[in-house]
Each structure stands twice: as C-alpha cells, then as structure tokens.
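Engineer: If you scroll down you'll find the structure; I have some questions about it.
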Amino acid sequence: MHEKIEINTDYITLGQFIKLINILESGGMVKAFLQDQGALVNGELDHRRGRKLYPDDVVEIESIGSYIVTKD
C-alpha cells in the first residue's frame, strides 16, 4: 500500500519530495542519496533531483517505503 503525500501545487520535484517526506534533512543529503541510490518513479529508476512529480505518480524508495503523490 502506498502512503499518500499531498501537494498543493501542480508538481513537485523529486528532491523537494524527498525533503517533504522527512527521510533526509538537507538538500545536500538528498543530492548524494539520489546520485548513489536513486528512487523508482512509476517503476523506473531515476537519479535526477529535478524530476517533476505529478499527482498519481508513485515513488518507491528502497528500504524506506512507497508513496503516491496526491493533490488537495
């Protein structure tokens, strides 16, 4: 089951999203994490902080969890 993460904009970048869900504390940590491990976005591995996430996108982060982007 995916945890729902609500945004109030049209999209959010992957880097901002990771900071929003409070798994990493700083932008530098997010950058290093994405360069090293990346995240699955809709089933595809992505390493870009600037990847735009839209409502209904699914983000899976290994050993952390699975999230779905929703809009209020």
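Engineer: Within segment 35-72, how many residues turn out to be without any contact (Cβ under 8 Å) to a residue 12 or more places away in the chain and touching a Gly at 6+ places or on another chain (Cβ under 9 Å)? Full working, then the answer.
Structural biologist: Taking segment 35-72 as the starting set, the residues that turn out to be without any contact (Cβ under 8 Å) to a residue 12 or more places away in the chain are 36, 38, 44-45, 63.
Then keep just the ones that are touching a Gly at 6+ places or on another chain (Cβ under 9 Å); that gives 45.
Final tally of qualifying residues: 1.
Engineer: Quick one: count up the residues across segment 24-48 that are surrounded by fewer than 16 Cβ atoms within 10 Å (Cβ to Cβ), within 14 Å of Tyr67 (Cβ to Cβ) and among the hydrophobic types (A, V, I, L, M, F, W, C).
Structural biologist: Total satisfying the criteria: 1.
Engineer: Give me a count of the residues in segment 12-54 that are under 11 Å from the mean Cα position of the chain (by Cα) and of a type in the set (Ser, Thr, Tyr).
Structural biologist: 2
Engineer: What do you reckon, is Asp56 modelled with pLDDT of 95 or more and exposed (fewer than 14 other Cβ atoms within 10 Å of the Cβ)?
Structural biologist: So Asp56 fits the description; yes.
Engineer: I'd like to know if segment 36-45 contains one or more residues that are at pLDDT 95 or above and part of a helix (DSSP H, G or I).
Structural biologist: Checking segment 36-45: at least one residue is at pLDDT 95 or above and part of a helix (DSSP H, G or I).
Engineer: Next up: Give the residues of segment 10-34 that are part of a helix (DSSP H, G or I), touching a helix residue (DSSP H, G or I) at 6+ places or on another chain (Cβ under 8 Å) and without any contact (Cβ under 8 Å) to a residue 12 or more places away in the chain, sorted by residue number. Working first, answer last.
Structural biologist: Applying the first criterion (part of a helix (DSSP H, G or I)) to segment 10-34 yields 14-20, 27-34.
Subsequent filtering for residues that are touching a helix residue (DSSP H, G or I) at 6+ places or on another chain (Cβ under 8 Å) retains 14-15, 18-19, 27, 30-31, 33-34.
Within segment 10-34, just Lys19 meets the criteria.
The values are calculated or read from the model by the stated rules, or taken from the named source; none is laboratory data. This structure is a prediction, so every number in the text was calculated from the model and none was measured. Using ideal geometry, Cβ is built from the backbone for each residue, glycine included, and neighbour counts are taken over all protein chains shown.
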